1. What single numbered condition from (1) touching a residue at least 40 places away in the same chain (Cβ under 8 Å); (2) out of contact with any Gly (no Cβ under 6 Å at 6 or more places or on another chain); (3) within 16 Å of the ligand (Cβ to nearest atom) fails to hold for B:Val303?
2. Checking B:Glu312 against (1) outside any loop (DSSP other than H, G, I, E, B); (2) away from the ligand (no atom under 16 Å from the Cβ); (3) within 14 Å of another protein chain (Cβ to nearest Cβ), which test does it fail?
3. Being more than 14 Å from chain A (Cβ to nearest Cβ) and out of contact with any helix residue (DSSP H, G or I) (no Cβ under 7 Å at 6 or more places or on another chain) is the filter here, so list the residues in region B:5-53 that pass it.
4. Where residues in region B:237-254 are within 16 Å of the ligand (Cβ to nearest atom) and closer than 18 Å to B:Asn217 by Cβ, which of them is farthest from the other protein chains (Cβ to nearest Cβ)?
5. From the list B:Phe257, B:Phe234, B:Phe284, exactly one residue is within 14 Å of chain A (Cβ to nearest Cβ), within 12 Å of the ligand (Cβ to nearest atom), at negative phi and not in a loop (DSSP other than H, G, I, E, B). Which is it?
6. Would you mind telling me which numbered condition in (1) within 14 Å of chain B (Cβ to nearest Cβ); (2) under 30 Å from B:Leu220 (Cα atoms) A:Ala287 fails?
7. Report yes if some residue within region A:72-80 is within 13 Å of chain B (Cβ to nearest Cβ) and assigned to a helix (DSSP H, G or I); otherwise report no.
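Only the coordinates and a few stated rules stand behind these numbers; no lab work does. Remember, predicted model here, so these are calculated numbers, not experimental data. With ideal geometry, Cβ positions are generated from the backbone for all residues, glycine too; neighbour counts draw on all protein chains shown.
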Amino acid sequence: MHGVRRARQTQEAIAAQKLKEKEKLQEYLSLTNDVLHRKKTNDFTQEALALTTRLLTANPEFYSIWNYRRDILTEGIFPQTSAKDVNDILLAELSLTMSFLRSHPKVYWIWNHRRWCLEHVPDDQGQQTIAWKQENWSKELYAVEKMLDADARNFHAWNYRRYVQASMPGKYSDADELKYTTKKIESNFSNFSAWHQRTKVLSSLWETGTLDMAASKDEEFELVKQALYVDPYDQSSWIYHRWLIGKGEDEGILKREIQVIEELSEVEPDCKWCLESLCHYKRLLLASFTHNEDQRIALVDACQSLLSRLQSIDPYRRNRYLELGEF
Amino acid sequence: MTSELLIPLHVKYIQSLDNHKDDLAYHLTTHLRINGIYWGLTSLCIMGHQDALPREEMIDFVMSCWDEKAGAFGPHPDHDAHLLSTLSAIQILATQKALDRIDVKRVTDFLLSLQTASGVFAGDRFGETDTRFTYCAVNALSLLGQLGKLEGDRKERAIEHIKQCRNFDGGFGSSVGAESHAGQIFVCVAALAILDRLEEVDVPTLAWWLSERQLPNGGLNGRPEKLEDVCYSFWVLSAMAILDKVTWIDAEKLTSFILSAQDTEGGGIADRPGDMVDVFHTHFGVAGLSLLGYPGLEDLDPVYCMPAKLIEEMGLRKQWTALERRKLP
Ligand SMILES: [Zn+2]
């Protein structure tokens, strides 16, 4: 159970609660028995479908009942239904599951059922099929945005969003997704899920040549710099910064960014992320861009002094800093 | 706040879990029953009380979860088979040394039938895929001595998919493109360990990311800028143990955090201090403490999340390093 506070109840309170629950429990158990019996005997009727709605409303995590519901639809209902009505039934399934998601945003089985619905739109209706899919999938994108408005870190919703974008007819453009992540990040710099999504979208935009990598990277460094200055103690933007630096192939960028962070570190001398990043980037310089022995010695010294400072201000990770100091 | 693990109280709590048949909540969680038994049994083993739950009854219950149509186990009688419940069933039977009760051929066929073209496994016939399911299948095949059935192309595709789920931060997500998450990192790293392909892990980067999961209160979170939670003690620590990097966090602070989430009256461990306990967090809290070398506990194998002694006896032990067990004061 996540995030449910513990309340110490008296014996009397527990007994009263049980009494109150008794009827509900009986009803739930007899409904469960009824539905499981029908499931066993392959009852694929409309009546059985209605009973699964009741049972799933009481317990949307009962995945075997979601399975049964899909079997009822494909075995019992769809064969005698016109393509248009099948599409309507699937739309009704989508609104039913949306109401469940509002109260249970992290239940895998509900998200799965939506995928199944979208994948079962009748395929043999030519233009009509395309129109249905277009409409259903764009609605879906809207629905998932609502879910992300409610919880911007819900990874079910982010995964589902990527799935919808990959599946909808007419590819969803990476440029639009980049704008979406900008919007999410600007409303909260601490949303690492959005930063992560940005790493994926930008990689694709650079790879396809849609965006000029060098110019776009500079803009990204500007954006993340703002975030670092707003809250240098937030991991999200530091991790993103590390992605931008990558293996540190560009000496100029590496040196420029080290300078940016050194300036920030002067204002925020106790910020461990400044020191940790400086150490990491200087190690990259050391690995690829030391042109003579003096430079090498100077960089090793700089790293050692950063690491010893890190050991004292971030003692939880002390052993890591000790290990990194073994040049 | 208590500074020790209240073993007798937790044993009693786990024993009492089945006494709630008049609670609605008990019946609303039937879809997790077999997983719950695995969590309860494993934490009892780690606390040195394997016999606290009746063996025969447990084995009979597991066998009653057999789904004849699918050829695998559901979480409860009359529920549908799934990879998650099938792994739990196999783990319980292995721990109870009752694997001979299983129709190995049918279960193996079920497991192999769920591998998709991209290499990832589906959870059941409805096709939801997730790196969790790849781990479940690999772990289950290994426990059944059937990992050989995954040799060659099947194995390479499974590994290739896990690699595609790897992110720049060294972590892994549930699907290609998904954000790194400690739970998914555990399943991917452990699956690679069982498949002898840990070289696919970027150890310095991943161990850095994992060590940054520790928050000032000592607890671990599962993703950047999220709250701490006792269950991440296992997801994060298990991966660190496999990478030989448990020392990269503060063990003492994490130990205190887990202990502070105990219910000192009713037993059990919660996600965080003051919350309702459950058997899931009790198990993962105890598992975390075992990896941290907490005195008096048995060793837990972080790859299989089962008693280490058993995995060694089965000849399945992979390389991993937990903290040395401290002596009882
Ligand atoms: Zn948890």
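1. (3)
2. (3)
3. Looking only at region B:5-53, we keep the residues that are more than 14 Å from chain A (Cβ to nearest Cβ), and these are B:5-12, B:14-15, B:18, B:37-38, B:40-53.
Correct list: B:Leu6, B:Ile7, B:Pro8, B:Leu9, B:Lys12, B:Asp18, B:Gly48, B:Asp51.
4. This residue is B:Leu237.
5. Working: B:Phe257 fails: within 12 Å of the ligand (Cβ to nearest atom); B:Phe234 fails: within 14 Å of chain A (Cβ to nearest Cβ).
Matching residue, one of B:Phe257, B:Phe234, B:Phe284: B:Phe284.
6. For A:Ala287, the failing item is (2).
7. If we filter region A:72-80 for residues that are within 13 Å of chain B (Cβ to nearest Cβ), which is where we start, we get A:73-74.
Now drop any that are not assigned to a helix (DSSP H, G or I), which leaves A:73-74.
So far as region A:72-80 goes, yes, one or more of its residues are within 13 Å of chain B (Cβ to nearest Cβ) and assigned to a helix (DSSP H, G or I).
For (1) within 16 Å of the ligand (Cβ to nearest atom); (2) away from chain A (no Cβ under 14 Å); (3) under 25 Å from B:Asp301 (Cβ atoms); (4) of a type in the set (A, V, I, L, M, F, W, C), each residue gets a yes or a no:
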| site | (1), (2), (3), (4) |
| --- | --- |
| B:Leu150 | no, yes, yes, yes |
| B:Asp153 | no, yes, no, no |
| B:Arg157 | no, yes, no, no |
| B:His161 | no, yes, yes, no |
| B:Asp169 | no, no, no, no |
| B:Ala178 | no, no, no, yes |
| B:Leu206 | no, no, yes, yes |
| B:Gly218 | yes, no, yes, no |
